[in-house]
1. Picking from K250, K236, K200, K172, which residue would you name as being among the charged types (D, E, K, R) and farther than 22 Å from L139 by Cβ?
2. Would you pick out the residues in region 85-104 that are part of a helix (DSSP H, G or I) and either of a type in the set (D, E) or surrounded by 17 or more Cβ atoms within 10 Å (Cβ to Cβ) (or both)?
3. For a quick check of your reading of the model, give me the residue pairs whose first member lies in region 1-18 and is over 16 Å from T68 (Cβ atoms), whose second is among the aromatic types (F, W, Y) and exposed (fewer than 15 other Cβ atoms within 10 Å of the Cβ), with beta-carbon atoms closer than 9 Å and at least 6 apart or on different chains.
4. If you check C226, C264, which single one turns out to be within 28 Å of R150 (Cβ to Cβ) and either surrounded by fewer than 18 Cβ atoms within 10 Å (Cβ to Cβ) or at pLDDT 95 or above (or both)?
5. Just checking, how many residues over region 106-142 are closer than 29 Å to H218 by Cα and touching a Ser or Thr at 6+ places or on another chain (Cβ under 8 Å)?
6. Being under 17 Å from G103 (Cα atoms) and in a helix (DSSP H, G or I): is that true of V19 here?
Amino acid sequence: MIRVAVDAMGGDNAPAEMVAGAVEAVSARPGIQVLLVGQEDKVNQELSKHTYSKEQIQVVNATEVIATEEPPVNAIRKKKDSSIVVGMNLVKNGEADAFVSAGSSGAILVGGQIIVGRIKGVERPPLAPLIPTEKGVSLLIDCGANVDARASHLVQFAQMGSIYMEHVMGIKNPRVAIVNIGAEEEKGNALVKETYPLLKNCEGINFTGSIEAREIPHGGADVIVCEAFVGNVILKLYEGVGATLISMVKGGMMATLRSKSAVC
């Protein structure tokens with residue numbers, strides 16, 4: 001059975017949403033066990049609202065919470081009984097196979113390196129969310145961890161992203177592209193110009209060349225490679241445009257309903 005430690009105190013609407021997600025997960029996947037890490041009384045209070053397999057969900061007490069605005073390094077060092085630190089120690093000690101958190105991304109990144117450690121050979125760990133596209137989803141890698149990335153880091157991001165999309169998302173021979181200001185090979189800043197030929201000659205990935213930002217929502221690539229500054233701008237623009245469109249659609253629907261009510 002796969003054991004997944006979940007930070008029950010991280011993210012918006014915690015622990016209610018994290019508990020609800022855990023219950024949904026074990027209902028859909030009988031082969032997993034979820035270890036909900038957080039303030040025991042609060043987590044159990046939320047669990048009492050659900051029906052679930054008691055063998056598949058376990059609560060691990062952690063008295064402290066790392067807030068998103070806290071300096072990550074200090075928080076990891078000082079809050080030893082926080083849900084993030086306790087959860088990562090479960091992985092380190094072999095008591096869990098993975099750790100999931102919607103909390104402080106900085107603390108998760110620092111804790112991952114200090115407590116769990118990097119996979120052998122990996123130079124830098126990236127942050128890589130799945131973003132929606134016209135064709136499904138794409139992996140944006142890196143979106144916030146390495147603003148000073150080197151060419152060798154981007155090559156590893158491409159390799160890790162390709163492996164993830166193929167083995168986790170089930171996309172065979174995923175298309176890998178590097179974010180650029182044009183499709184031509186000679187375009188881009190110094191980092192992109194240095195990385196492009198390395199990706200082009202990298203065995204084991206399906207490198208398709210450069211991708212402009214406007215092609216990302218259309219699903220122009222399955223793995224979108226960039227350093228963290230560019231990736232974070234893309235991600236935040238996605239979030240802002242999405243929220244604006246939803247707001248406009250809701251506003252249009254409400255205006256339509258009001259006009260119909262007035263006619264009636």
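The values are calculated or read from the model by the stated rules, or taken from the named source; none is laboratory data. Since we're looking at a predicted model, the values are computed, not measured. We place every Cβ from the backbone using ideal geometry, glycine too, and count neighbours over all the protein chains shown.
1. K250
2. V85, V86, G87, M88, N89, L90, V91 - these are the residues of region 85-104 that are part of a helix (DSSP H, G or I) and either of a type in the set (D, E) or surrounded by 17 or more Cβ atoms within 10 Å (Cβ to Cβ) (or both).
3. Qualifying pairs under 9 Å: none.
4. Residue meeting the stated conditions: C226.
5. 3
6. Against the criterion (under 17 Å from G103 (Cα atoms) and in a helix (DSSP H, G or I)), V19 qualifies.
Residues are listed down the side, and each one gets a yes or a no for (1) in contact (Cβ under 8 Å) with a residue 40 or more places away in the chain; (2) over 23 Å from Y238 (Cβ atoms):
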residue: T68; (1), (2): no, no
residue: N93; (1), (2): no, yes
residue: A96; (1), (2): yes, yes
residue: V137; (1), (2): no, no
residue: N146; (1), (2): yes, no
residue: E166; (1), (2): no, yes
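Condition check ((1) touching a helix residue (DSSP H, G or I) at 6+ places or on another chain (Cβ under 9 Å); (2) assigned to a helix (DSSP H, G or I); (3) surrounded by 14 or more Cβ atoms within 10 Å (Cβ to Cβ); (4) in the same structural domain as G136 (by TED's automatic domain parsing)) across all residues:
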site: I178; (1), (2), (3), (4): yes, no, yes, yes
site: E184; (1), (2), (3), (4): no, no, no, yes
site: G188; (1), (2), (3), (4): yes, no, yes, yes
site: L191; (1), (2), (3), (4): yes, yes, yes, yes
site: T195; (1), (2), (3), (4): yes, yes, yes, yes
site: L199; (1), (2), (3), (4): yes, yes, yes, yes
site: C202; (1), (2), (3), (4): yes, no, yes, yes
site: F207; (1), (2), (3), (4): yes, no, yes, yes
